[in-house]
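One structure below.
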Amino acid sequence: RMDAHGDQWLLASGTRAGLETGSPLRHHEWLAVAELTRAPGRAAAGTGAVIRAAAPLDLAHAQLVAGPLARTETRAGFSNGRVSTREVRAVGAIELSATPVRADPDTAVPAIRAALAAEGLDLLPWDDAARGLRARLALLRRHLGEPWPAVDDAALLTRAEEWLGPELRDVARGGALRSVRVADALRRLLPWPEAARLDELVPWRLDVPSGNTARIDYPEVWDEAEPARPPVVAVKLQECFGWVETPRVADGRVPVQFHLLSPGKATLAITEDLASFWSGPYAQVRAEMRGRYPKHPWPEDPWNAVATAKTSRALRRDG
C-alpha cells in the first residue's frame, strides 16, 4: 500500500519498497507485488528495495488476495508510561482502520514486557527504596549466592512475570507505570525463610560509637561480572573514636568502607580498616585539622577518646 508521501509502499510483511522512476504504477494505492530486488539510495526511495513487477489493485481485491493476512485483531502499544489498545483491521502489517478499545491484559501485558525488553528497566520508576533494595540483594547474591536472587537486568526481565506480574496487569488495565512501587514488587523475589534475615545481613543503618546511626550506601552493581565495590558509611570522624573492629555485613564477609568526614562534611579519609587508620594516618589528619576546626575534639589518643558529634565545649558542658 502507498504511504502518505506517495514514494514508498508498505508491504504486508512490514518492509517497505520503492518504485522505479517513471513507473506507470506510481499513482495506484494498492499493488500486487510479484518481484522485488535490492536497490540503493534514490532508486528505492530510501527503502533499500525496489518493486520490479506488480499489478494494480483496489482495496476489495487486495483483501481478497491477502487471504488469512486480512484480519481484524486487537493490538496493544506502550508509550509515555501507558498502554493503548486498538481494534485494528489490517492486511498483514498494513493497517486499514483502528478504533480505541478497552485495554485487555492478555494483549497489553506482552506489549509492556516487550517495551521493557526493548528500552530497559529504566522505564520503571526506580526510587531510593527500590534501588537500595536491589543493591542489597545484589551484594547478597555476589557474596552468599543461592538462594538470594540475581537482580541484573537480564535476570529481572526473565522473571518479570514472577516479581512484577500484578503491577504489569494494573498498567495493562489502564494504570500508569509511574505509580508502580518497584521496591514492593522486588520483595516478591526474596527467598524464604532466608528473607527473615535480610535486615540483619544487609542493614540499612549502622550504629556508631557516638550513639547515632549512619546510613549504609550499598553499591549499585547488579551484574556479577562487574568488579565488586564495598558498602559505604559516611560519618563524622569524631563519632568513631574508640572503634577498633571495622563492621562487616553479609555474615561477616564484606567490610564496610568508612568515609570519615570533617565537621564541614569534607572527606578526610577512606578506610576499610579503622584500627590501622587510628594507628597511622589519623596523626596527620589531626595535625592538619585541629587548627582548622578548633572547636571540635582532636585527641592524641583516639582509641580511648569519647566518640561524639558535639563540639568540645558542648561535650564538656554535658559531661
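The values are calculated or read from the model by the stated rules, or taken from the named source; none is laboratory data. What you see is a predicted model, and the numbers here were worked out from it, not measured in a lab. We place every Cβ from the backbone using ideal geometry, glycine too, and count neighbours over all the protein chains shown. Note: accessible area is taken over every heavy atom of the protein model, side chains too, but ligands, DNA and RNA are not part of it. Shrake-Rupley method; radii C 1.70, N 1.55, O 1.52, S 1.80 Å.
From the list Val208, Val221, exactly one residue is modelled with pLDDT of 95 or more, surrounded by 14 or more Cβ atoms within 10 Å (Cβ to Cβ) and either in contact with an Asp or Glu (Cβ under 9 Å, 6 or more places away or on another chain) or of a type outside the set (Ser, Thr, Tyr) (or both). Which is it?
Residue meeting the stated conditions: Val208.
What are the residues in segment 118-131 that are open to solvent by less than 70 Å² (accessible area, probe 1.4 Å) and assigned to a helix (DSSP H, G or I), if any?
Passing the criteria: Leu121, Leu123, Ala129, Ala130.
Within segment 245-262, which residues are assigned to a loop (DSSP other than H, G, I, E, B) and surrounded by 16 or more Cβ atoms within 10 Å (Cβ to Cβ)?
Matches in segment 245-262: Thr246, Pro247, Ala250, Val256, Ser262.
So that you can scan it fast, the table gives a plain yes or no per residue for (1) at pLDDT below 75; (2) of a type in the set (Val, Ile, Thr); (3) under 38 Å from the mean Cα position of the chain (by Cα); (4) surrounded by 12 or more Cβ atoms within 10 Å (Cβ to Cβ):
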site	(1), (2), (3), (4)
Ala4	yes, no, yes, no
Leu19	no, no, no, yes
Leu25	no, no, no, yes
Glu29	no, no, no, yes
Val33	no, yes, no, yes
Gly41	yes, no, no, no
Gly67	no, no, no, no
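Exactly one condition in (1) closer than 18 Å to Pro299 by Cα; (2) in a helix (DSSP H, G or I) is not met by Arg197; state its number.
(1)
How about segment 1-86: which strands (runs of 3 or more DSSP E) wholly inside it have at least 3 residues that are closer than 30 Å to Ala172 by Cα?
Result: 70-79.
Each row is one residue, and each column tells you yes or no for (1) touching a Cys at 6+ places or on another chain (Cβ under 6 Å); (2) over 23 Å from Leu11 (Cβ atoms); (3) in contact (Cβ under 8 Å) with a residue 40 or more places away in the chain.
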position	(1), (2), (3)
Phe78	no, yes, no
Arg82	no, yes, yes
Ala98	no, no, no
Asp122	no, yes, no
Gly132	no, yes, yes
Trp148	no, yes, yes
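Looking only at segment 301-317, count how many residues are open to solvent by 70 Å² or more (accessible area, probe 1.4 Å) and closer than 16 Å to Tyr282 by Cβ.
Total meeting the criteria: 3.
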